[in-house]
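Down below is the structure, laid out as structure tokens.
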Amino acid sequence: MPNVTLEEKLAALLLRNQGEYLSGEGASRELGVTRAAVWKAAGRLRQEGWELESGSNRGYRLVRVPDLLTAPVVEHFLPGGRPAPVLCYEELDSTITQGQRLVLEGIPDHTVLLADRQTGGLGRMGRSFLSPGGVGVYLSYLLAPGCAGEGLSLLTSCAGLAVCGAIAACTGLEPKIKWPNDVILDRRKVCGILTRLVSDGEDGSVSWAIIGIGINVGQEAFPPELADKAVSLRMAGRTVLRAELAAELIRRLDSIFSASGWREGDPAIVEELRRLSCTLGQPVVVISPAGEEQGEAVDLAPDGSLLVRFPGGVRAVSSGEVSVRGLLGYA
């Protein structure tokens, strides 16, 4: 797990005193280090992008909160008293892969992993998820559901509700959900969600669900192969601090997964999924190992499955890939 550095401790102190000068003597006393150590730590924070004012007999003052996904900044936006940790990393291969490692080592339920960048971000169907530094929120939420796999049918969809709510709260935008796990803005993907399950070897129950979420926040453009498929919040006309968005997302995930409705098939959850769906009422292509089938998405079942009208009748689709005409480059 990441160690807490002196720079992070100083950053947390500056955030608690935002707008006010913090004397070098006061900072050294509270942090238990010399004033020279505080001065060096402040210099390293400036190199990382923190904008600090300083002067003789005044100390240090934080000018504005930086757009960083570090523990002090994220925790600044989180409500106090959260029992599980939020672990922040500068770089990971994947927050999902790191989550798989940590659950084998022992980690509290509802732990959150955040990375500024990923070198091996995971997408559905074996694809990669582009995860450059400084522009995205790459997060995994570690949940110990304590039930069999069939009780998790709404899990990923509920994560989509949390993402939509967080984006709406922080930007005023109104994203939609393309079944089952893409969050859409301007007919392009702004967020992908991928869930990995870790099963108990003895009874086959699911011991952990690792919910990976990647949100495009600050990108100004995407590579040509993604240009008609991906969008960022900045490209949609909104600027938001990634830590603020991450904290709002964590708060909503905590709220959803601390209750029982997501596991019990709460009708209110399914109704909200219907309201936010950009799949229902649309012509779709369902891609599965058996091949491709064309149909029309007509409704969601109580367990979150997609009900599709095929030429032979309405059938529930619970897995596979669904393409919606007009979205993500599908013409």
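Observations
- Taken together, Gly146, Gly151 contain a single residue that is on the phi > 0 side of the Ramachandran plot and out of contact with any Phe, Trp or Tyr (no Cβ under 8 Å at 6 or more places or on another chain), which is Gly146.
- Residue satisfying all of: in the range 78-101; assigned to a loop (DSSP other than H, G, I, E, B) and of a type outside the set (Gly, Ala, Ser); modelled with the lowest pLDDT among these: Pro79
- Each residue in the range 279-307 was checked for being exposed (fewer than 14 other Cβ atoms within 10 Å of the Cβ) and within 26 Å of the chain's Cα centre (by Cα), and 1 of them qualify.
- Across the range 203-225, not a single residue is classified as over 17 Å from the mean Cα position of the chain (by Cα), of a type in the set (A, V, I, L, M, F, W, C) and in a helix (DSSP H, G or I).
- Taking (1) more than 24 Å from Ser153 (Cβ to Cβ); (2) of a type outside the set (Asp, Glu); (3) in a strand (DSSP E or B); (4) touching a Gly at 6+ places or on another chain (Cβ under 8 Å) in turn, Ser232 satisfies each apart from (3).
- Filtering the range 226-250 to residues that are within 19 Å of the chain's Cα centre (by Cα) and acidic (Asp, Glu) leaves Glu244, Glu248.
- Meets criteria (acidic (Asp, Glu) and modelled with pLDDT under 90) for Glu292: yes
- Filter pass, Ser157 being in the same structural domain as Pro180 (by TED's automatic domain parsing), over 14 Å from Gly214 (Cβ atoms) and either under 16 Å from the mean Cα position of the chain (by Cα) or not in a strand (DSSP E or B) (or both): yes
- Qualifying residue in the range 245-253 (condition: surrounded by fewer than 16 Cβ atoms within 10 Å (Cβ to Cβ), out of contact with any Ser or Thr (no Cβ under 6 Å at 6 or more places or on another chain) and not hydrophobic (A, V, I, L, M, F, W, C)): no
- Residues satisfying the stated conditions in the range 1-16, i.e. surrounded by fewer than 17 Cβ atoms within 10 Å (Cβ to Cβ) and either part of a loop (DSSP other than H, G, I, E, B) or in contact with a strand residue (DSSP E or B) (Cβ under 6 Å, 6 or more places away or on another chain) (or both): Met1, Pro2, Asn3, Val4, Thr5
- From the options Ala159, Ala169, Ala148, residue that is modelled with pLDDT of 95 or more and within 23 Å of Ser319 (Cβ to Cβ): Ala159
- Val206 being modelled with pLDDT of 90 or more and either outside the structural domain of Ala84 (by TED's automatic domain parsing) or over 22 Å from Asp93 (Cβ atoms) (or both): no
- Flag if Val240 is touching a residue at least 40 places away in the same chain (Cβ under 8 Å), crowded, with 19+ Cβ neighbours inside 10 Å, within 20 Å of Cys191 (Cα to Cα) and out of contact with any helix residue (DSSP H, G or I) (no Cβ under 8 Å at 6 or more places or on another chain): no
- For the range 92-124, taking the residues that are in contact (Cβ under 8 Å) with a residue 60 or more places away in the chain and among the hydroxyl-bearing types (Ser, Thr, Tyr), the one that is surrounded by the fewest Cβ atoms within 10 Å (Cβ to Cβ) is identified as Ser94.
- Answer from Glu75, Glu30 - the residue that is at pLDDT below 95, buried (at least 17 other Cβ atoms within 10 Å of the Cβ), of a type in the set (D, E, K, R) and in a helix (DSSP H, G or I): Glu75
- Check on Pro267, farther than 19 Å from Arg325 by Cβ, loosely packed, with under 14 Cβ neighbours inside 10 Å and either touching a helix residue (DSSP H, G or I) at 6+ places or on another chain (Cβ under 7 Å) or β-branched (Val, Ile, Thr) (or both): no
- For the range 258-279, a tally of residues being out of contact with any Phe, Trp or Tyr (no Cβ under 8 Å at 6 or more places or on another chain), hydrophobic (A, V, I, L, M, F, W, C) and touching a residue at least 12 places away in the same chain (Cβ under 8 Å) returns 5.
The values are calculated or read from the model by the stated rules, or taken from the named source; none is laboratory data. Quick caveat: nothing in here was measured; it's all calculated off a predicted structure. Neighbour counts are summed over all protein chains in view; Cβ atoms, including those assigned to glycine, are modelled from backbone coordinates with ideal geometry.
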